[in-house]
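Written out below as structure tokens is the structure these notes cover.
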Amino acid sequence: MTNLLILGGTTEANALAKTLAERGIPATYSYAGRVDNPRPQPLPVRVGGFGGVEGLASYLRDHTITHVVDATHPFAAQMSTNAVAACREAEVPLAALTRPAWREQDGDRWQHVADIDAAVAALDGPKRRVFLAVGRLHLEDFAVQPQHHYLLRLVDEPDALPLPNCDVIVSRGPFTEAGDRALMENHGIELVVSKNSGGSGARAKLDAARALGVPVLMIDRPSLPQRTELSNVAQVLDWLAHSGVNLGV
Ligand SMILES: NC(=O)c1ccc[n+]([C@@H]2O[C@H](COP(=O)([O-])OP(=O)(O)OC[C@H]3O[C@@H](n4cnc5c(N)ncnc54)[C@H](OP(=O)(O)O)[C@@H]3O)[C@@H](O)[C@H]2O)c1
């Protein structure tokens, strides 16, 4: 009997959950538990880490999971690496549902950096007004560059912030170019720091930066172990059908 596990927390995972629920394909949606009120899903939801590779492998066996779709964010490298190892150990087929990285276009002023540490190092220098669009988890890393004025956009109201000069906007998105252009103009933004997340929901800030001629410090994606990569829900359904899953109507 088919029993999927979706590693979620992304727009792509939500789209897959909707399709699987509509087709009556049994599946569970897994959240890490990073945000206060995760979006409701039309499937059973579990929340929290599995306990590393061993924990996930045990979960797969204990819940007789037949397929895993890793639809986590491209920067969720630990989870994706664990998924490859655990699925190998538990002999469960794994596919990743990924989104293409953003590519530089005419008019963009991107400086590529390899990771968060390199982004922090690149911020060395005089005070600037920086739109730091990297999420909540890595804000502490930027505390060693306290001279800047930071604009943060976060999913939840933060408890305490490690940055002395900052404005916080609480919003989940998706965002629009016009909205982000107005935001950046109102805050006098001189630099955007962004992960190369890909997808449509968060790219408005890059379009706005291009329109305003604002430079972007672009954090490139982490490298991940080799796995089957699919880029949309239809491809996931094909992958399931090829492994004998009845896709219903
Ligand atoms: N990183 C980003 O920029 C970003 C942006 C948007 C959304 N997200 C979402 O936020 C979640 C956490 O991202 P992250 O970058 O913190 O991940 P990460 O660093 O790769 O994962 C750290 C640990 O969190 C747990 N975890 C991560 N994703 C999980 C999931 N979907 N279900 C259950 N446990 C999960 C795992 O704990 P155990 O080892 O205990 O199993 C994992 O080892 C992911 O679901 C991701 O899709 C991340």
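Just so you know, all these numbers are worked out from the coordinates, no wet-lab data involved. These figures come from a predicted structure and were not determined experimentally. We place every Cβ from the backbone using ideal geometry, glycine too, and count neighbours over all the protein chains shown.
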- Distance between modelled label sites at Thr2 and Ala121, nm, 7 Å Cα→Cβ extension: 4.7
- Stretched out fully, how many nm does the piece from Ala77 to Leu212 gain, at 0.36 nm a residue minus the Cα gap? 45.4 nm
- Task: Enumerate the residues in region 80-111 having an amide nitrogen under 15 Å from the point lying 7 Å beyond the Cα of Gln235 toward its Cβ.
- Result: 94-102
- Item | Taking the C-alpha atoms of region 152-249, convex hull volume expressed per residue in Å³ | 181
- Message: Given R₀ = 22 Å, what would the calculated FRET efficiency be for Asn246 paired with Arg39, taking r from the Cβ atoms and rounding to 0.05?
- Response: 0.20
- Query: Once the Cα atoms of helix 11-23 and of the chain are each reduced to a long axis, what angle between those two axes, in degrees from 0 to 90 to the nearest 10, is obtained?
  - Reply: 30
- Note on the structure: Of 148-155, 133-140, ordering from highest average Cβ density within 10 Å down gives 148-155, 133-140
- Message: Rounded, prolate or oblate for region 1-89? Axes are the square roots of the Cα gyration tensor eigenvalues, ordered a ≥ b ≥ c, and the cut-off for rounded is a/c under 1.5.
- Response: oblate
- Across region 119-134, in residue order, what do the Karplus-derived ³J(HN,Hα) couplings come to in whole Hz, using 6.51 cos²θ - 1.76 cosθ + 1.60 with θ = phi - 60° and x for Gly and Pro? 5, 4, 4, 5, 8, 4, x, x, 4, 9, 9, 10, 8, 9, 9, 10
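Please report the antiparallel percentage of the DSSP beta bridges confined to the chain, to the nearest 5. Kindly include the intermediate steps, with their values, before the conclusion.
On the way: 0 of 38 bridges.
Counting DSSP beta bridges with both partners in the chain, the antiparallel share is about 0 percent.
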- Message: Under the 0.36 nm per residue contour assumption, what length would be gained going from the current alpha-carbon distance of Ser171 and Arg61 to full extension?
- Response: 35.8 nm
- Taking every C-alpha to C-alpha distance in the chain and binning by 5 Å from 0, the per-bin percentages run 1, 6, 13, 16, 17, 15, 12, 9, 7, 4, 1, 0, 0
